[in-house]
Amino acid sequence: MTTRDFDAQVREIASQYPDSRSAVLPALRIAQERHDGWLPPEAFVEVADALELTPAYCQAVASFYDMYHLAPTGKHSVEVCTNLSCALAKAQDVVEAFESELGVKVGETTEDGEITFRAVECLNACGYAPVVAVDHRYRHPVHPEDVPAIVEELRAGS
Amino acid sequence: MPARSMLLAGVEEHDLTTVEGYRAVGGYEALPKARAMTSDDLIAELQAANLRGRGGAGFPMGRKASLIDRKSGRPTYLVVNADESEPGAFKDREVVAKAPQRLIEGCLISAHAIESRHVFIYIRGEYLTEYEILQAAVDEARAAGLFDPVEITVHRGAGAYICGEETALLDSLEGRRGQPRPRPPFPPVQGLYGEPTQINNVCTIASVPEIIAMGAAEWAKIGAESSPGTAIFSISGNVVQPGNYELELGTPMRELIYDWAGGIPDGRELKGVIPGGSSVPILTPDQIDVSLDYDSIGALGSFFGSASLIVVDDRCCMVQLALRAAKFYMHESCGKCTPCREGTRWQVQLLEKIEAGEATHADLDLLSSVGSRILGKSLCALGDFAVYPVQSYMRNYPDEFRAHVDQGGCPFHGQSSIEGIVAPSDLHVHAAVEAHA
């Protein structure tokens, strides 16, 4: 996607709102996809230019929300919910199974840059706990014995 | 009480993500009926139904609509809150994924009531699959010519619990950091883009087509007298069959836990029930012979909330549970109000000290005192939500908190069911400590 295409796409989204500022969240999401899953400084300039805002404003908005990443991330993401219902369903065992399978701790990316592993707050699928979002798609329930296959699937797909 | 399907009626037999599938169960028949009514008559009908907001506060939906200024000539907006983030809740997700056309018909009818031309559905960013289903359903309904003169825009959040709070949601929808606004002015007077705005939960809006289809007088006979209709009860935690159960309001809590959800697994004992999502005060086993409705649960000092029950059995350490809940609210505090921003951190620090066996009885008193300094002292309810779990666990399980102090450690000796559970906020806290070191 060229910068011109990005501008056009963001302006098209902005036209759906009475105030174009409302397009900041969708624009940041698209910018993040263009920049390998995170928002480098130039991404804020692009979003700001498309919406006639300042880069600082766009960064201030992005830093508020958990789904925008301000540092490089892996190609894939694995996110284990550890809130109350998942905790009661032994989510910690799932966390430890991923740590052991991936060789990283919570919040880290594998050395090859492939997979970022996170603990996240409630994904709201509590009745099917433990819940794991793999590349933002929910899997549930995920038990420690399911973990090697998930990791293998991600490594095979990349 | 038997199960009663209204919000999820037909989802097993038909594909309610499509207009055709929804029409097969009588869908989109209420819309022309509603559009033939004046907005005054439609609002009167909604008020007669006494549909109470399913997002948690229980404010009557029809009364909310009546507060919208429709005479000023300014645009009015309907905003549907699909930012489902309360730990324990997963009902909106099911409606969006399985019956989005019912939600869309509810949007169109509710928009007619307040003479709005633009509806926004704010769906949490993590609900990616659900967003795709909803967006496809909206596009299909628009193409089928059902919208005119209304437009529906689906807006994705980006990961922030606070955006489920209605004024924070408005700021987020306007392209800002999602932080609550002072009230007054309330959204019906000055909401989205400063214009009169009605904000309702997914299940509230999805209840509307059936009210119009059967008539408010008949609909109001379903459920509890003070809280008519059905709710999708999300039940999770230590039960044999967790999941969503759509039941009439007024169903006994014991029936939901033991008959529908199969009771407590592994022959364990019930220890407590968090009845409305993690933010509400916990109930003890002697309190579960209560009717599941707003007023009955309110009379016990807790809240019906988002109809989301988290069941806890005797394997769980309540200090650990309080600490995990407290870490969540600390992580999600938006930072705008000092009592909430700072108080949620104090709670976590004190609970960590108690769990580690390093606290004194004075620390328990201090924890109580911190709670009372947060409660009611912030712009929105998040601060209160951070306090209710901690204070209610301390109140209902005082011996367990004291035992941590007296024994100099956790009385579960590493065997609690949630032992060692990590939280996303652990990383920030530890990173900050290392940065200082």
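Values in this text are rule-based calculations from the coordinates and carry no lab data. All figures in this text were calculated on a predicted structure; none of them were measured in a lab. Here the Cβ positions follow ideal geometry from the backbone for every residue, glycine too, while neighbour counts run over all protein chains shown.
With a cut-off of 8 Å between alpha carbons and a minimum separation of six or more residues, what is the relative contact order of chain B in percent?
Over chain B, the number comes to 16 percent.
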### Message
Please rank A:Arg118, B:Arg124, fewest neighbouring Cβ atoms within 10 Å first, as an exposure proxy.
### Response
A:Arg118, B:Arg124
### Message
As a test, work out the antiparallel percent of DSSP beta bridges whose residues both lie in the protein assembly as shown, rounded to the nearest 5.
### Response
45 percent
### Positive-end extreme of charge dipole, the protein assembly as shown - chosen from B:Leu16, B:Ala261, B:Pro228 (charges on Cβ)
B:Pro228
## Note on the structure
The exposure ranking of B:Val422, B:Val273, fewest beta-carbon neighbours within 10 Å first, is B:Val422, B:Val273
### Message
Let me see the P(r) profile for the range B:230-313: every Cα-Cα distance counted, bins of 10 Å, each bin given as a percent of all pairs.
### Response
20, 61, 19, 0
## Note on the structure
Of the candidates A:Ser85, A:Val151, A:Val134, the farthest towards the positive dipole end of chain A (Lys/Arg Cβ +1, Asp/Glu Cβ -1, centred on the Cα centre) is A:Ser85
#### Entry: Gyration tensor (alpha-carbon) shape descriptor, the protein assembly as shown, a/c threshold 1.5
oblate
### Query
Rounded to the nearest 20 Debye, what is the dipole magnitude of chain B about its Cα centre when Lys and Arg each give +1 and Asp and Glu each give -1 at the C-beta?
1200 debye
#### Entry: Longest segment of chain B lacking GluC sites (Glu not before Pro) that sit in a DSSP loop with at most 10 other Cβ atoms within 10 Å
B:14-268
### Query
Rounded, prolate or oblate: which fits the range B:262-363, taking a ≥ b ≥ c as square roots of the Cα gyration tensor eigenvalues, rounded meaning a/c under 1.5, else prolate when a/b beats b/c?
oblate
### Query
Within straight cross-link reach of B:Lys327, meaning Cα distance under 25 Å, which lysines are found once same-chain residues fewer than 8 apart are removed?
A:Lys90, A:Lys105, B:Lys91, B:Lys271, B:Lys336, B:Lys353, B:Lys377
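From the mean inverse distance of alpha carbon pairs (Kirkwood) and the Cα radius of gyration, derive Rg over Rh for the range A:76-157.
0.93
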#### Entry: Total formal charge among the other residues, if their Cβ is under 13 angstrom from that of B:Pro196, Lys/Arg +1 and Asp/Glu -1
+2
### Query
Using a basic spin-label model with each label point 7 Å from the Cα along Cα→Cβ, how many nm lie between A:Glu111 and B:Leu366?
4.3 nm
#### Entry: Pairwise centroid distance, computed over Cα atoms, of the range A:1-69 with the range B:34-57, Å
38 Å
### Query
Rounded, prolate or oblate: which fits the range B:1-90, taking a ≥ b ≥ c as square roots of the Cα gyration tensor eigenvalues, rounded meaning a/c under 1.5, else prolate when a/b beats b/c?
oblate
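What is the sum of charges around B:Arg177, taking Lys and Arg as +1, Asp and Glu as -1, for the other residues whose C-beta is under 10 Å from the C-beta of B:Arg177? List each step's numbers first, then the result.
Values: positive: B:Arg176, B:Lys336; negative: B:Asp171.
Within the 10 Å Cβ shell, the charges total +1.
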## Note on the structure
Counting only residues 5 or more apart in sequence or on a different chain, those whose built amide H sits under 5 Å from that of B:Val290 are B:Met253, B:Arg254
### Message
Given Cα positions, please report Rg to Rh for the range B:318-436, the hydrodynamic radius being the Kirkwood one.
### Response
0.96
### Message
Given an 8 Å cut-off on Cα distances and at least 6 residues of separation, report the relative contact order of the range B:318-436 as a percent.
### Response
35 percent
### Task
Report the net charge of residues surrounding B:Asp314, where surrounding means a beta-carbon distance below 9 angstrom and charges are Lys +1, Arg +1, Asp -1, Glu -1.
+1
### Task
For the range B:263-279, just list the computed ³J(HN,Hα) in residue order, Karplus coefficients 6.51, -1.76 and 1.60, θ = phi - 60°, integers in Hz, with x standing in for Gly and Pro.
x, 8, x, 6, x, 7, 9, 5, 10, x, 10, 8, x, x, x, 4, 7
### Task
Rank the residues A:Asp135, B:Asp363 as a footprinting-exposure proxy: fewest other Cβ atoms within 10 Å of their Cβ go first.
A:Asp135, B:Asp363
## Note on the structure
Once amide hydrogens are built 1.01 Å from N within the peptide plane, the residues lying 5 or more places from B:Gly272 or on another chain with amide H under 5 Å from its amide H are B:Val312
### Query
Taking Cα centroids, how far is the range B:269-311 from the range B:119-141 in Å?
31 Å
### Message
Per q in 0.10, 0.11, 0.12, 0.17 Å⁻¹, report the Debye log10 I(q)/I(0) for the range B:19-219, using one uniform scatterer on each alpha carbon and no solvent.
### Response
-0.36, -0.44, -0.53, -1.14
### Message
Report the Rg/Rh value for chain B, based on alpha-carbon coordinates and the Kirkwood definition of Rh.
### Response
0.99
### Task
Before rounding to the nearest 500, sum -39500 (n - 2.57) across all DSSP H runs of length at least 4 in the protein assembly as shown and divide by the residue total; then give [θ] at 222 nm in deg cm²/dmol.
-12500 deg cm²/dmol
